[in-house]
Amino acid sequence: MIRMLSLLLLFTLGFTTAQAGIDAPHHSLIRVFGKNITQEKMLLHDDMLDVMPQDGQPGVLIAALPGDFAYLQNRGYRWDVIHQDLEDFYARRGRDGNSLDLMGGFKTNVEINAAMDTIHMQHPTITTAKFVIGQTLEGNNIYAMKISDNPDIDENEIELFYNSLIHAREPGAMEVLFLFMNYLTDQYGTNQSVTDLVDNREFYFVPCINVDGYLYNQSTNPNGGGMWRKNRRNNGGSFGVDLNRNFGFNWGYDNNGSSPTPAAETYRGSGPFSEPETQVIRNFVESRNFVVAMNYHTYSNLVLYPWGTQAYQGGVTPENDVFALMADSIQHYIQQVNGAVYTIGPPWQVLYNVNGDCNDWSYGEQGTKPRIFPFTTEVGGASDGFWPAQNRISAARKRICPRICLSRVMP
Ligand code: 0X9
Ligand code: CA
Ligand code: CA
Ligand code: ZN
């Protein structure tokens, strides 16, 4: 009877939560075909559509909102429906049987902060407590923590920056950061190479940059599957700036690597560093001496390095050889641990043109700080999507090695 009552209570609570959630229209994952290849390829640069990572098959994968179908039809496109309700598909597989997990088993923002506290509590001699590096637009704290020996002393050791969830719908990237944090702290003292790294490096982690966007996804889709990407800036008529187009290096270089249209998924904002979240990252990075930055995203099994766009210097940095060598070793170690062959290269070559992103600013801005060697790792394959099944979360554990090896190739 008590069991029945608690079930009833859970049901009621669940119901209440669902009622309280904000409504956001769901997307359909569709594969769109044009009248010809040229018309089909135009979709890849269409600001009005949420173009998904492509899977190498014919057609263009798009996350379509109800209003997009007429738009496509009027232009003579046809399409196959892969998932009628993408958010629902994600949330169902995230439920993992009968579990009542929030956010498809991915950490909520509260759990992210609690997990940082736990790591520090369990490993107080090699970690700092989490600390606030600034606030989001809506006033939420953005947290960082450090892993190193003598954590409270700023030692003369190579500093490394790891971050995730600049895009609110990419929680798999955040789980990878935690697997790595756990790996470093749990293996310290037993695993010699981990011990050496923790003793001789200063690792800084910011697991959730876009707190507002992530909380928004939780409010619209408490069980996971939310498709919100940008921050929650009210643009007047639409919401959100793509934080990964808002950085102040080559900001708005052209309309191919970012969008001037507020409603677009890659809207760059009203000016360079117009958003509090990118200002916080800029100030934090400028306050330290990072040598390497690892920007974690999902998905499509890629390791990307600058430049983001072919339009700038032909897309090739003066130190392309260094980037290529480092990316090559990252690729090698990823393949060695999980068999997946990540594609390496600059985004314009293996993905699409990007400008004003964190990667290009990290390397390109050499006035306010020294140059950093940054990489954007797109974790997970086409079938993982933005909200992978729960058993794939721990599978990501296998991908921790490259980050260790990466810091080994540094001077
Ligand atoms: O578009 C992006 O911001 C990243 N892809 S995602 O699907 N996660 O949105 C790629 C950014 C890559 N930029 C550079 N390597 N410069
Ligand atoms: Ca140290
Ligand atoms: Ca230092
Ligand atoms: Zn991303």
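What accessible area per residue comes out for the chain, rounded to a whole number of Å², with a 1.4 Å probe? Could you put the intermediate results ahead of the total?
Working: 17440 Å² over 411 residues.
That works out to 42 Å² for each residue.
How much of the DSSP beta bridge set in the chain is antiparallel, as a percent to the nearest 5? Mind showing how you got there, number by number?
Values: 24 of 45 bridges.
The antiparallel proportion sits near 55 percent.
Step through the residues of the stretch 121-128 one at a time and calculate ³J(HN,Hα) from phi using the Karplus curve (6.51 cos²θ - 1.76 cosθ + 1.60, θ = phi - 60°), rounding each to whole Hz and writing x for Gly and Pro.
4, 7, 9, x, 8, 10, 9, 8
Using a ≥ b ≥ c from the Cα gyration tensor of the chain (square roots of the eigenvalues), is it rounded, prolate or oblate, where a/c under 1.5 gives rounded and otherwise the larger of a/b and b/c decides, a/b for prolate? Show your work: numbers first, answer last.
Numbers: a/c = 1.57, a/b = 1.12, b/c = 1.40.
Oblate shape, in that a/c is at least 1.5 and b/c is the bigger or equal ratio.
Which ³J(HN,Hα) values, rounded to whole Hz and listed in residue order, are derived for the stretch 281-296 from phi using the Karplus coefficients 6.51, -1.76 and 1.60 in 6.51 cos²θ - 1.76 cosθ + 1.60 with θ = phi - 60°, glycine and proline given as x?
Running phi through 6.51 cos²θ - 1.76 cosθ + 1.60 with θ = phi - 60° gives 5, 4, 4, 5, 5, 5, 7, 10, 10, 5, 9, 10, 10, 10, 9, 8 Hz.
Show the residues, 5+ positions off or on another chain, whose built amide H is closer than 5 Å to the amide H of residue 202.
Under 5 Å from the amide H of residue 202 lie the amide H atoms of 158, 159, 160, each far enough along the sequence or on another chain.
So how many Lys-Lys pairs in the chain land under 21 Å Cα to Cα, not counting same-chain pairs under 8 apart?
Details: 107/130; 107/146; 107/230; 107/398; 130/146; 146/369.
The result is 6.
Counting each DSSP H run of 4 or more residues in the chain as -39500 (n - 2.57), what helix-only mean residue ellipticity at 222 nm follows after dividing by all residues, to the nearest 500 deg cm²/dmol? Present the calculation step by step, with values, prior to reporting the outcome.
Details: 14 runs with 148 residues, N = 411.
Only helices count here, giving -11000 deg cm²/dmol.
Tell me, what % of the accessible area of the chain is carbon and sulfur with a 1.4 angstrom probe? Spell out each step's value before the answer.
Details: 9100 of 17440 Å².
Carbon with sulfur: 52 percent of the solvent-accessible area.
The values are calculated or read from the model by the stated rules, or taken from the named source; none is laboratory data. Only a predicted model underlies this, so the values are computations on that prediction, with no experimental measurement involved. Just the protein is used for accessible areas: all its heavy atoms, side chains included, with ligands, DNA and RNA removed. Shrake-Rupley method; radii C 1.70, N 1.55, O 1.52, S 1.80 Å.
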